[in-house]
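Remarks on the structure that follows.
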Amino acid sequence: MYVDPKHNEHAGNLRWLMAYCKPDLPRAVGGLTLYAVSAAMALVTPLISARIVDQVIEQHQLQLLAKLCILMIVVTVVRDAAYYGNAMWMERFGQNTVFRLVSDEYEKLHTLDFNYFNHTRTGDIMSRMTSDTDAIRHLLSWVSYQAINCVVMFVGALVMMTSIDWRLALALACVTPFLFVLTRKLSQHAKPLFLAIRNSLASMNSMVEENIEGNRVVKAFVREDYETEKFDERNDDYMERNMDMARNTRRYMPWLDGLGFSLQLITIALGGFLVLKGNMTLGGLVAFNSYLWMIDSPIRQSGWLVNDWQRFNASCVKIRRLLTATPRIREPQPADHDDASVASVAPVASAERTTTRMAAMPDHIDGAIRFEHVDFAFPDDPETPILTDIDFAIPAGARLGILGETGAGKSTLVNMIARFYDPTRGRVLIDGVDARDWPLRTLRSQVSVVAQDTFLFSDTIGGNISFGVDGAHTPSPEYIRHIAFIAGADDFIERMPEGYDTVVGERGVGLSGGQKQRLSLARAIADDPSILIMDDTTSAVDMETEAKIRQHLNELDGDKTIVTIAHRISSIKDSDLILVLEHGHIVERGTHEELVAKHGRYWAIYHKQLGAQSGQAQGYATDDGTDAR
């Protein structure tokens, strides 16, 4: 990390960006040095032209022609070489700066928690990583050079013009106040327009990304025309925002171009008059006219440079908001959440005790879990409780089953074990220690979660299974095969075209739901966690395969605490403790036998599923497509 960008977003964007530019400032200085050489040669060239006109053409000093032509060639070559070197160094300066910035953005994304991604569109994040960073690169590599060039050429040309004829130079200088007024107005109107363009692009990117991922759903419901209409609306909005910018440019650029034309008119009219009166040489007028582009070009470019500057500012605001986003789930800090009664009496002692506990924290988790009267509500909607008064405990190596209707809070409950969320009230204890006191890396490296939404990377099957294994210990092919066997995946993997070296498509496209679930389970087991959480992991797997998976999990080496969320009673009936959730409350708890004997909610679900299963027993197809009768 090169910078901790905790500044007000309205502070100077260039000052914030300087921390990323600093390692390459020598390169930028070198580029500006080459630019100085190029600018000097550009200012010298018209003087050589003036000597050719006055001395060679007017005074017939032909012996000077060869020398002046050679000098002109040398000056031009040096100027072009310096210009090329400056352009290359400035481009490298911009690319290296953006490389560091993008690296920081990517690292920052990995520090943010679920809450951030729940409220930030994927397209918006992608825009910050691509188009916004490119706007910064464009300013560093091109706009910065062009802005300096405009100022130097404008001032230098005025100085040289004044040395040739102060009267003509003064006439041209009278135009400059109008230039600054128009440029300022253009800048003021362009800033909000670029913010609108950027937000519209992010919205369109989000929709494209969503449709790419959901293309099968769109095709299944024959909604191509509907989605196309939605995209056209966003595309039209993006076009209209750009047209607003074009209209703003149209409003001011003709005036800026007109000022440029007026310079030519003044030079030809007044300069010609001075030559005819003998107050100015013809060579001086030629040189003066050659300097004219150095004033005309900055005037014409100023509007475009202002637009690029405002685009840069809009992009910086978005990137700085990402880099300054504060995750709610943080590494444990001294006295962050010590016992309130103790901390209120002796806050210093409380902080010292917390620091000592963090230093003495073991590297291994046994797997004991306890929820102490836990409540939870999402930060953006604190008035709507998701979980209320969740209180239970299981020892290390036990099996916990969680049953409940959709939306009962099951996934939220288990996500607090790995500290993807923190409780609003109460505590989650792992091995008797508040989960907020465990270092995140230690906790999450030993708590593996097989999420409801299975995600596979565009990698080989073996690479997906070994994804969570410590990079310093590359698993052997035999180990990966053994893990796949436990997860019930070895059979179908062997039938794949290249076995464990088969590359799965993006997000596992081409695999069935059950196959993806088993690969996700294998990935979680491969890391040898102390706590294994399975969130409806076998919902797409047939009952025979599920039974084999449960048997293999029971045969795992070591005492693992296994937490299973399921809708099937068969998936959790062997658990040491079963919780039944309704609307965020635990309404029943106990073993399978105890809950059946209560004739309550669990018993009703059990008998309903028992009838369904007896109907399926006549014959059903497994997830792999084979008849299980």
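A short reminder: the numbers here are calculations on the coordinates, not readings from a lab. This one's a predicted model, so the numbers in the text were calculated from it and none came from an experiment. Here the Cβ is made from the backbone with ideal geometry for all residues, glycine too, and neighbour counts use every protein chain on show.
As a proxy for reagent exposure, LYS560, LYS191, LYS608 were ordered by neighbouring Cβ count within 10 angstrom, fewest first; the result is LYS608, LYS191, LYS560.
Please report the relative contact order for region 13-323, taking Cα pairs under 8 Å with a sequence separation of at least 6, and give it as a percent rounded to a whole number. Could you put the intermediate results ahead of the total?
Numbers: 296 pairs, mean separation 92.4, N = 311.
Relative CO of region 13-323 lands at 30 percent.
Relative contact order, whole percent, for region 420-520 stands at 34, derived from Cα pairs under 8 Å and 6 or more residues apart.
In terms of other Cβ atoms within 10 Å, LYS516, LYS67 run from fewest to most in the order LYS67, LYS516. A straight Cα-to-Cα reach below 17 Å connects LYS219 with the lysines LYS230, residues fewer than 8 places away in its own chain not being considered.
Given a cut-off of 20 Å, name the pairs among LYS516/LYS560; LYS67/LYS277; LYS548/LYS608; LYS191/LYS318; LYS560/LYS608; LYS573/LYS608 whose C-alpha atoms lie farther apart than that in the structure shown.
LYS516/LYS560; LYS67/LYS277; LYS548/LYS608; LYS560/LYS608
Annotation: amide H-H contacts under 5 Å for ILE329 (H modelled 1.01 Å from N, sequence separation of 5 or more, or interchain): ASP113.
Summing charges over neighbours of ASP375, with a neighbour being any other residue whose Cβ is under 9 Å away from its Cβ, gives 0 when K and R count +1 and D and E count -1. Backbone geometry of region 268-277 corresponds, through the Karplus equation with coefficients 6.51, -1.76 and 1.60 at θ = phi - 60°, to 3J(HN,Hα) couplings of 5, 6, 5, x, x, 4, 5, 5, 5, 7 Hz, x marking Gly and Pro. Only helices enter the 222 nm calculation for the chain: every DSSP H run of n ≥ 4 contributes -39,500 (n - 2.57), and dividing by all residues gives -19500 deg cm²/dmol, rounded to 500. Separation of region 179-241 from region 446-501 is 39 Å, based on Cα centroids.
With θ taken as phi - 60° and the Karplus curve 6.51 cos²θ - 1.76 cosθ + 1.60 applied, the whole-hertz 3J(HN,Hα) list for region 438-451 is 7, x, 4, 5, 5, 5, 6, 6, 10, 10, 9, 10, 9, 6 Hz, x standing for glycine and proline. Among CYS316, CYS174, a tally of other beta-carbon atoms within 10 Å of each Cβ gives an order, fewest to most, of CYS174, CYS316.
Please tell me the relative contact order of the chain in percent, rounded to the nearest whole number, where contacts are Cα pairs under 8 Å and at least six residues apart.
On the way: 881 pairs, mean separation 78.4, N = 629.
Value for the chain: 12 percent.
In degrees between 0 and 90, to the nearest 10, how far off the longest principal axis of the chain does helix 25-51 point, with axes built from Cα atoms? Once rounded, one gets 20 degrees.
Calculated FRET efficiency, GLU331 and ASP225, Cβ-Cβ r, R0 45 Å, to nearest 0.05?
On the way: r = 50 Å, r/R0 = 1.10.
Taking R0 as 45 Å, the efficiency between GLU331 and ASP225 is 0.35.
Across region 120-134, rounded Karplus estimates of 3J(HN,Hα) from the backbone phi angles (6.51 cos²θ - 1.76 cosθ + 1.60, θ = phi - 60°) give 10, 6, 4, x, 5, 5, 5, 5, 5, 7, 10, 5, 5, 5, 5 Hz, Gly and Pro being marked x. When each of the peptides 485-491, 449-455 is scored by how many other beta carbons lie within 10 Å of its residues on average, the order from highest to lowest is 485-491, 449-455.
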